[in-house]
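Peer 1: The following block contains the structure, expressed as structure tokens.
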Amino acid sequence: MTIKLLAIGKTDSKELQKLISMYEQRLGHYVNFELEIIPDLKKTKNLSAEQQKIKEGELIFKSLANTDILVLLDENGKQYSSLEFSSYLQKKMNSGLKQLVFLIGGPYGFSEEIYRKASGKISLSKMTFSHQMVRLFFVEQLYRAFTILRNEPYHHQ
């Protein structure tokens with residue numbers, strides 16, 4: 001199975017990008033992992049939030065295959081402990097999925113079409129984080145989940 005993290009807009013912070021890259025490399029020991037960045041929309045000043053979500057949604061659909069299982073990183077999603085998340089990933093891997101895609105939306109969230117396509121929603125916290133921080137937190141949690149599944153000492157209970 002391949003796990004893909006799809007995100008809108010590049011990470012401006014070199015320090016954050018360095019940390020994200022470190023976890024990307026570590027994940028390569030456990031799973032096929034891809035981080036795909038969809039470029040920020042240009043000329044959004046005259047677009048409403050809804051119009052921006054629709055345009056981002058169209059770009060997101062171009063990055064998805066019909067067989068992809070899409071999971072949104074959404075503030076209203078289900079919250080997992082690290083152990084529960086590792087178990088969730090194990091079930092997905094056992095189900096024979098080809099590609100599991102986690103999506104970080106733009107500043108206004110997701111279009112209705114994206115919500116309809118999604119098979120689930122996960123929340124990292126009740127707090128709100130910048131989309132750049134969410135990338136780091138998510139790749140770290142993915143890495144942690146795989147170390148839990150392998151009984152490696154990274155995660156302390």
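Peer 1: Test residue 114 against the stated conditions and say whether it is outside any strand (DSSP E or B), open to solvent by less than 40 Å² (accessible area, probe 1.4 Å) and farther than 29 Å from residue 14 by Cα.
Peer 2: On the way: outside any strand (DSSP E or B): yes; open to solvent by less than 40 Å² (accessible area, probe 1.4 Å): yes; farther than 29 Å from residue 14 by Cα: yes.
So residue 114 fits the description; yes.
Peer 1: Here are 89, 136, 124: which of them is open to solvent by 30 Å² or more (accessible area, probe 1.4 Å), over 17 Å from residue 53 (Cα atoms) and in contact with a helix residue (DSSP H, G or I) (Cβ under 7 Å, 6 or more places away or on another chain)? Write out each step before concluding.
Peer 2: Details: 89 fails: open to solvent by 30 Å² or more (accessible area, probe 1.4 Å); 136 fails: open to solvent by 30 Å² or more (accessible area, probe 1.4 Å).
Residue meeting the stated conditions: 124.
Peer 1: Of 47, 35, 64, which residue is of a type outside the set (Ser, Thr, Tyr) and part of a strand (DSSP E or B)? Full working, then the answer.
Peer 2: Values: 47 fails: part of a strand (DSSP E or B); 64 fails: part of a strand (DSSP E or B).
Residue meeting the stated conditions: 35.
Peer 1: Across the range 2-13, what is the total count of residues that are surrounded by fewer than 21 Cβ atoms within 10 Å (Cβ to Cβ) and modelled with pLDDT of 95 or more?
Peer 2: So the count comes out to 2.
Peer 1: Identify all residues within the range 124-156 that are in contact (Cβ under 8 Å) with a residue 60 or more places away in the chain and closer than 13 Å to residue 74 by Cα; write none if there are none.
Peer 2: Answer for the range 124-156, where residues must be in contact (Cβ under 8 Å) with a residue 60 or more places away in the chain and closer than 13 Å to residue 74 by Cα: 131, 134, 135, 138.
Peer 1: Ok, one more. Only residues that are in a strand (DSSP E or B) and either among the aliphatic types (A, V, I, L, M) or under 10 Å from the mean Cα position of the chain (by Cα) (or both): list them for the range 87-111, please.
Peer 2: To start, the set of residues in the range 87-111 that are in a strand (DSSP E or B) comprises 99-104, 106, 109.
Result: 100, 101, 102, 103, 104.
Peer 1: I've got another one for you. So which pairs qualify, if the first residue must be in the range 82-103 and without any contact (Cβ under 8 Å) to a residue 60 or more places away in the chain, the second must be in a helix (DSSP H, G or I) and not hydroxyl-bearing (Ser, Thr, Tyr), the Cβ gap must be under 9 Å, and the two must be at least 6 apart or on different chains?
Peer 2: If the second residue must be in a helix (DSSP H, G or I) and not hydroxyl-bearing (Ser, Thr, Tyr), the pairs left are 87/145; 87/148; 87/149; 88/145; 90/145; 90/149.
Peer 1: Would you be able to say whether some residue in the range 73-86 is among the aromatic types (Phe, Trp, Tyr), assigned to a helix (DSSP H, G or I), within 27 Å of residue 18 (Cα to Cα) and open to solvent by less than 40 Å² (accessible area, probe 1.4 Å)?
Peer 2: yes
The values are calculated or read from the model by the stated rules, or taken from the named source; none is laboratory data. Being a predicted model, the structure only gives us computed values, none of them experimental. Cβ: placed from backbone, ideal geometry, glycine included. Neighbour counts: every protein chain shown. What goes into the accessible areas is simple: the full protein's heavy atoms, side chains included, and nothing from ligands, DNA or RNA. Shrake-Rupley method; radii C 1.70, N 1.55, O 1.52, S 1.80 Å.
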